[in-house]
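See structure below.
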Amino acid sequence: MKQGGGYPNKRNKNVSKVYFDSGNDQAFVSRDREGWGEMSVFKDLWWFFRMEKRAYAIGILVLLVLALTHLIFPYAVRVVIDQIAAGTLQMSDLVFWSVGLLAVAVFEYGLGVIWRLQLFGAANRLGRLLRDRLYRHYTKMSPAFYHRRRTGDLMAHATNDIQAVVGTAGDGVLTLVDSIISGGVVILTMVWFIDWRLTLVALIPMPFMAWATGKYGGMIHRRFMLAQEAFSRLNDKVQENISGVRVIKAFGQERAEQEEFERILDDVVRKNVAVAKVDALFDPTIQIVVGSSFFLAVAYGSFLVAGRELSLGELTQFTILLGQLIWPMLAFGWLFNIVERGRASHERIRNLLSVEPDITDREDASEVPASGDIEVRIRSFTYPGVEQPALRDIFTGIKRGQTLGIVGKTGSGKTTLLRLLLREFDVTDGEIRIGGKPVTGYQLEALRRSIGYVPQDHVLFSTTVGENIAFGKPDATREEIEEAARIACVHDDILNFEKGYDTVVGERGVTLSGGQKQRISIARAVLLDPEILVLDDALSAVDGRTEHAILTRLRENRKGKTTLIAAHRLSAVEHADLIVVLDEGRIVASGTHAELMETSPWYREMVEKQQLESLVLEGGGGVGPETSPPVS
């Protein structure tokens with residue numbers, strides 16, 4: 001019986017029904033299940049078995065050799081017992097068989113190491129490959145995909161479900177091959193070298209085990225699918241609560257969230273217990289079958305020995321071989337368990353990987369980074385699944401090297417316009433052109449390589465401040481990083497940190513203030529020296545003086561390059577070459593700051609109101625350098 005790594009772990013063992021072309025990153029999803037039933041999961045992984053055919057061939061060959069060497073011990077016992085019964089056993093015979101069996105044991109030990117390295121080594125390479133492909137799939141998805149999927153569920157696919165795939169490619173292959181090889185070798189030996197009648201009698205309980213394991217497998221498939229879905233919900237809740245822990249504490253909702261978590265946790269436990277109840281039926285069923293086989297073998301074998309049709313040594317050999325048949329029978333039972341778990345998780349992964357990216361490159365898309373004048377001609381744009389258009393009749397543009405300001409009420413469409421420029425979504429009725437070419441005419445990588453984007457949600461990573469700034473340009477020198485930080489007016493703040501630029505900021509920049517996170521995000525974009533810089537309300541968390549300093553340095557740094565600024569604070573766009581005012585997805589006014597002060601009542605009112613607020617915050621002590629005197 002296999003020991004250690006040879007036993008299937010009593011954990012999730014699943015497989016995805018996805019064919020990957022080893023030469024590229026394309027995932028091919030197949031839905032052909034005809035004729036395979038529960039074993040369709042092995043067909044789904046056939047592409048990988050072909051890729052790792054050498055490892056699997058060696059592993060299977062070694063298992064065959066092991067199955068043959070396992071026959072030596074029962075044969076040695078048979079010979080020795082028959083010699084004892086006949087009174088012909090010699091010390092030399094005893095020494096010969098003892099030394100021989102010791103040598104066989106050492107040989108089997110070496111073979112056991114080899115097959116484990118081959119089979120489980122290949123299975124772990126599959127895990128690495130699938131995680132890499134799944135991660136690539138995630139990076140190709142548009143924001144619409146993440147609007148429909150929750151983070152915890154995506155994490156569950158990348159952890160539990162893929163681990164199940166690895167288990168099927170390792171333990172699943174082992175149980176399938178070993179149950180056939182070891183079981184077949186043992187049964188053939190019983191038939192040809194001992195007695196076919198005794199073998200037939202001993203195998204009478206086997207059909208019952210085949211029926212029972214098949215029935216249990218179907219039950220596990222259904223219950224394990226529900227258990228995995230419950231685990232995804234648990235992941236969602238944990239991720240959501242950890243991310244929002246400060247809000248939960250601020251509103252005193254710890255007890256309510258704990259109760260909700262316990263409810264979800266109870267559901268996970270209940271559904272996993274339902275799986276365990278079926279899982280628990282496998283071993284007793286197999287033990288009943290094995291016990292029945294032993295009873296029938298000893299009873300009928302004793303009758304044959306009494307009738308001198310079988311020697312005592314042969315009956316002993318037969319019972320030992322029957323004991324060796326326990327592992328193949330266990331493997332056969334576990335096989336259905338593993339496969340059904342794998343098939344359930346495979347369906348989850350298959351459904352995920354079958355989702356095609358909403359945003360893709362055209363065949364004739366250019367690899368050259370985008371540059372030139374920007375023209376916006378959007379008749380209408382509606383988000384997927386929404387009836388009301390987010391943008392309508394947006395016709396504007398700026399020359400290369402100019403600055404465009406985008407202002408308006410909350411929800412007026414400012415961020416939507418910038419996201420269309422980045423091709424997070426595609427315009428459905430109209431187009432955006434850069435350098436006379438539609439943004440769809442550029443490859444996504446080329447388009448986004450030419451744009452430095454500072455979003456409203458400033459995401460920082462759990463690494464140092466310097467590495468966060470150099471995220472888009474990992475080979476940047478310390479001098480370049482510091483210069484970008486100076487332009488963003490965050491250099492002095494960083495020097496005040498305990499370890500300066502080597503300070504670890506914590507997950508999502510939790511150790512930094514909102515203004516510091518914004519300025520580090522600006523420095524990250526500035527470091528790229530992009531052709532087009534997009535600031536989406538990127539100065540909302542800094543004071544007026546800091547905002548003025550950042551904008552002054554940006555104008556000096558970005559001469560001859562295009563900048564788009566969406567802002568609520570109108571002082572951020574005062575010096576723009578063109579400002580457009582959005583309201584309910586439409587352009588209601590456009591022009592320079594001076595022109596809008598004359599023609600747009602809303603713009604004039606907001607400027608005066610914000611200037612007054614600035615004076616109040618400064619204690620009424622005069623007008624800061626970033627503002628103009630209130631217009632009377």
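The values are calculated or read from the model by the stated rules, or taken from the named source; none is laboratory data. Quantities reported herein were computed from a predicted structural model and do not represent experimental measurements. So basically every Cβ, Gly included, is an ideal-geometry build from the backbone, and we count neighbours across all protein chains shown. For accessibility, only protein heavy atoms count, side chains too; no ligands or nucleic acids. Shrake-Rupley method; radii C 1.70, N 1.55, O 1.52, S 1.80 Å.
Taking segment 301-323 on its own, how many of its residues are over 20 Å from VAL186 (Cβ atoms), part of a helix (DSSP H, G or I) and of a type outside the set (A, V, I, L, M, F, W, C)?
Of the residues in segment 301-323, 1 are over 20 Å from VAL186 (Cβ atoms), part of a helix (DSSP H, G or I) and of a type outside the set (A, V, I, L, M, F, W, C).
Only one of (1) surrounded by fewer than 18 Cβ atoms within 10 Å (Cβ to Cβ); (2) touching a Ser or Thr at 6+ places or on another chain (Cβ under 6 Å) is not met by PRO328, so which one is it?
Only one criterion in (1) surrounded by fewer than 18 Cβ atoms within 10 Å (Cβ to Cβ); (2) touching a Ser or Thr at 6+ places or on another chain (Cβ under 6 Å) is unmet by PRO328, namely (1).
Step by step: first the residues of segment 74-95, then only those that are of a type in the set (A, V, I, L, M) and without any contact (Cβ under 8 Å) to a residue 60 or more places away in the chain, then the one that is least open to solvent (accessible area, probe 1.4 Å). Which residue is that?
ALA76
Regarding segment 175-183, can at least one residue be identified that is open to solvent by less than 10 Å² (accessible area, probe 1.4 Å), within 21 Å of LEU130 (Cβ to Cβ) and assigned to a helix (DSSP H, G or I)?
yes
From the list LEU130, LEU66, LEU154, which residue is in contact with an Asp or Glu (Cβ under 8 Å, 6 or more places away or on another chain) and not hydroxyl-bearing (Ser, Thr, Tyr)?
From the options LEU130, LEU66, LEU154, the qualifying one is LEU66.
Consider only pairs whose beta carbons are under 8 Å apart and that are at least six residues apart or on different chains; among these, list those whose first residue lies in segment 346-359 and is over 28 Å from THR440 (Cβ atoms) and of a type in the set (A, V, I, L, M) and whose second residue is open to solvent by less than 20 Å² (accessible area, probe 1.4 Å) and part of a loop (DSSP other than H, G, I, E, B).
Here the result reads ILE349/ASN14; ILE349/SER16; ILE349/LYS17, each pair linking segment 346-359 to a residue that is open to solvent by less than 20 Å² (accessible area, probe 1.4 Å) and part of a loop (DSSP other than H, G, I, E, B).
Please work out which one of (1) outside any loop (DSSP other than H, G, I, E, B); (2) without any contact (Cβ under 8 Å) to a residue 60 or more places away in the chain; (3) in contact with a Leu (Cβ under 7 Å, 6 or more places away or on another chain) is the condition ALA476 fails and give its number.
(1)
Can you name the residue in segment 96-134 that is open to solvent by 20 Å² or more (accessible area, probe 1.4 Å) and touching a Gly at 6+ places or on another chain (Cβ under 8 Å) and, of all such residues, is farthest from ARG78 (Cα to Cα)?
Across segment 96-134, the extreme among qualifying residues is ASN124.
Residues in segment 58-72 that are open to solvent by 60 Å² or more (accessible area, probe 1.4 Å) and under 24 Å from VAL166 (Cα atoms): how many?
Counting residues in segment 58-72 that are open to solvent by 60 Å² or more (accessible area, probe 1.4 Å) and under 24 Å from VAL166 (Cα atoms) gives 3.
Considering segment 178-203 alone, what residues qualify as being among the β-branched types (Val, Ile, Thr) and over 12 Å from MET329 (Cα atoms)? Lay out the reasoning, then the answer.
Taking segment 178-203 first, the residues among the β-branched types (Val, Ile, Thr) are 180-181, 185-187, 189, 191, 194, 199, 201.
Residues satisfying the conditions are VAL185, THR189, VAL191, ILE194, THR199, VAL201.
What residue, of PHE208, PHE231, PHE224, PHE282, is open to solvent by less than 60 Å² (accessible area, probe 1.4 Å), closer than 30 Å to PRO74 by Cα and in contact (Cβ under 8 Å) with a residue 40 or more places away in the chain? Walk me through how you get there before you give the answer.
On the way: PHE208 fails: open to solvent by less than 60 Å² (accessible area, probe 1.4 Å); PHE231 fails: closer than 30 Å to PRO74 by Cα; PHE224 fails: closer than 30 Å to PRO74 by Cα.
Exactly one residue qualifies, and that residue is PHE282.
Residues checked against (1) within 20 Å of VAL268 (Cβ to Cβ); (2) in contact with a Leu (Cβ under 8 Å, 6 or more places away or on another chain):
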{"residue": "VAL186", "(1), (2)": "no, yes"}
{"residue": "THR199", "(1), (2)": "no, no"}
{"residue": "PRO205", "(1), (2)": "no, yes"}
{"residue": "GLY218", "(1), (2)": "no, no"}
{"residue": "LEU226", "(1), (2)": "yes, no"}
{"residue": "VAL238", "(1), (2)": "yes, no"}
{"residue": "LYS249", "(1), (2)": "no, no"}
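So, in segment 170-197, exactly how many residues are more than 20 Å from TRP327 (Cβ to Cβ) and in contact (Cβ under 8 Å) with a residue 12 or more places away in the chain?
So the count comes out to 2.
Name the residue, out of ASP82, ASP153, that is of a type in the set (Asp, Glu), in contact with a Gly (Cβ under 7 Å, 6 or more places away or on another chain) and assigned to a helix (DSSP H, G or I).
ASP82
Going through segment 494-506 one residue at a time, which ones are open to solvent by less than 90 Å² (accessible area, probe 1.4 Å) and polar (S, T, N, Q)?
Passing the criteria: only THR503.
As an exercise: evaluate GLN456 against (1) under 30 Å from GLY372 (Cα atoms); (2) touching a Leu at 6+ places or on another chain (Cβ under 6 Å) and give the number of the one condition it does not meet.
With respect to (1) under 30 Å from GLY372 (Cα atoms); (2) touching a Leu at 6+ places or on another chain (Cβ under 6 Å), GLN456 is out only on (2).
Give ASP266, ASP236 a once-over and let me know the one that is within 22 Å of LEU352 (Cβ to Cβ) and either part of a helix (DSSP H, G or I) or not small (Gly, Ala, Ser) (or both).
Values: ASP266 fails: within 22 Å of LEU352 (Cβ to Cβ).
Answer to the check: ASP236.
Search segment 324-335 for residues that are assigned to a helix (DSSP H, G or I) and pair each with any residue that is open to solvent by 30 Å² or more (accessible area, probe 1.4 Å) and not charged (D, E, K, R) when their beta-carbon atoms are under 6 Å apart and the residues are at least 6 apart or on different chains.
Every condition considered, the pairs that remain are GLN324/HIS70; TRP327/MET1; LEU335/LEU176.
Please work out if GLU595 is among the acidic types (Asp, Glu) and surrounded by fewer than 21 Cβ atoms within 10 Å (Cβ to Cβ).
Yes, satisfied.
Do you know which residues across segment 589-603 are of a type in the set (A, V, I, L, M, F, W, C) and in contact (Cβ under 8 Å) with a residue 24 or more places away in the chain?
The answer is MET597, and nothing else.
Within segment 379-408, which residues are touching a residue at least 24 places away in the same chain (Cβ under 8 Å), open to solvent by 50 Å² or more (accessible area, probe 1.4 Å) and at negative phi?
Passing the criteria: ARG379, TYR383, PRO384, ARG392, PHE395, LYS399, ARG400, GLN402.
Tell me which residues, restricted to segment 468-493, are buried (at least 18 other Cβ atoms within 10 Å of the Cβ), more than 15 Å from LEU512 (Cα to Cα) and either within 33 Å of the chain's Cα centre (by Cα) or of a type in the set (S, T, N, Q) (or both).
If the condition is that a residue be buried (at least 18 other Cβ atoms within 10 Å of the Cβ), more than 15 Å from LEU512 (Cα to Cα) and either within 33 Å of the chain's Cα centre (by Cα) or of a type in the set (S, T, N, Q) (or both), then ALA470, PHE471, ALA476, ILE481 are the ones that fit.
Determine which member of the set VAL454, VAL439, VAL465, VAL459 is of a type in the set (A, V, I, L, M), in contact (Cβ under 8 Å) with a residue 12 or more places away in the chain, more than 26 Å from PHE395 (Cα to Cα) and open to solvent by less than 20 Å² (accessible area, probe 1.4 Å).
VAL465
Going by what's in this entry, would LEU352 be described as in contact with a His (Cβ under 9 Å, 6 or more places away or on another chain) and among the hydrophobic types (A, V, I, L, M, F, W, C)?
So LEU352 passes the test.
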